[in-house]
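Comments concern the structure below.
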Amino acid sequence: MDIVRVEAYVDGSGAPLATITEPPFRLRLDPAELGEGIHVLTVVTEYRDGSSDQHRYVFDVTRKNHTFAGHISQAPLRAPIEVDLVDAVEIENPAPPSVFLYAVLPLILFLGVVAVSWWISLRAESRVADQPTKIESLARSVARVAPTAGAAADGAALYSKNCAGCHGAEGQGMGAVFPALAGNEALADAGYVVDIILEGKPGSSMPAFGDRLSDEEVAALAGYIRNSWGNGFGPVTAADVAARR
Ligand code: HEC
């Protein structure tokens, strides 16, 4: 079907992040603009015959050193357009050498410049190529340190980074798909809350956080959502979490 217009909204905001009215209907997003954490992109597509539909893309953006890497953790079925997350490292290209310079300089100098610029561009390329592996190993060493250093886990900060994109900044939920956590009686069962955070909910977009968060962080999160926005279900300890892993 012919697409005439695509609007993309991030995390339920009222103003579109991007509007595309001519082909190619393809969205490129800079993960740095979205910021770290889990995001929901709602893509509203209007077709030539006047019909329209909505699709949700779920993104996970992590900050590694100074660049952001993102991946789509869940692309919707029959998605009408392609969405790319562009990594800053990918767009960085060595500048092409100046043609003018070669035209006016004598042959010897010309060859010298070619040799030098070739050498420089080789070095620049290898530097760009090295970067992702360096970033990966840095990210891994940070990840190794995090669980032991996580003693002072901040539930509110963890919530806004990992959960607010779907469950709302005030735990108010979003639409019919993402349940409200404020005033949600299901949260009275601490074991249920911990299990959901650790394992997610298969068959839904609720992700599993067991691999990326420490016992302290899961406890801080569970405690935070059980005791915020009018909820008063009591604290959760790291030992409670460890017992359910
Ligand atoms: C990508 C979207 C998404 C993110 C991010 C997300 N959730 Fe969820 N969550 C869901 C959906 C969807 C459900 C409903 C699953 C179902 O029952 O089908 C859910 C369900 C839940 C429930 C169960 C609610 C109930 O009424 O049974 C809890 C508790 C919960 N999430 C907590 C969290 C916490 C804490 C985080 C952050 C660490 C988080 N969620 C991050 C989408 C998300």
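Where a number appears in this text, it was derived from the coordinates with a stated rule and is not lab data. All values derive from a computational prediction rather than experimental measurement. With ideal geometry, Cβ positions are generated from the backbone for all residues, glycine too; neighbour counts draw on all protein chains shown.
Each label was represented as a point 7 Å from its Cα along the Cα-to-Cβ direction; for residue 244 and residue 185 these points are 1.9 nm apart. Compared with the direct C-alpha span, the chain from residue 51 to residue 205 gains 52.8 nm at full extension, assuming 0.36 nm per residue. Taken as Cα centroids, the stretch 39-53 and the stretch 167-215 sit 28 Å apart, rounded to the nearest whole angstrom.
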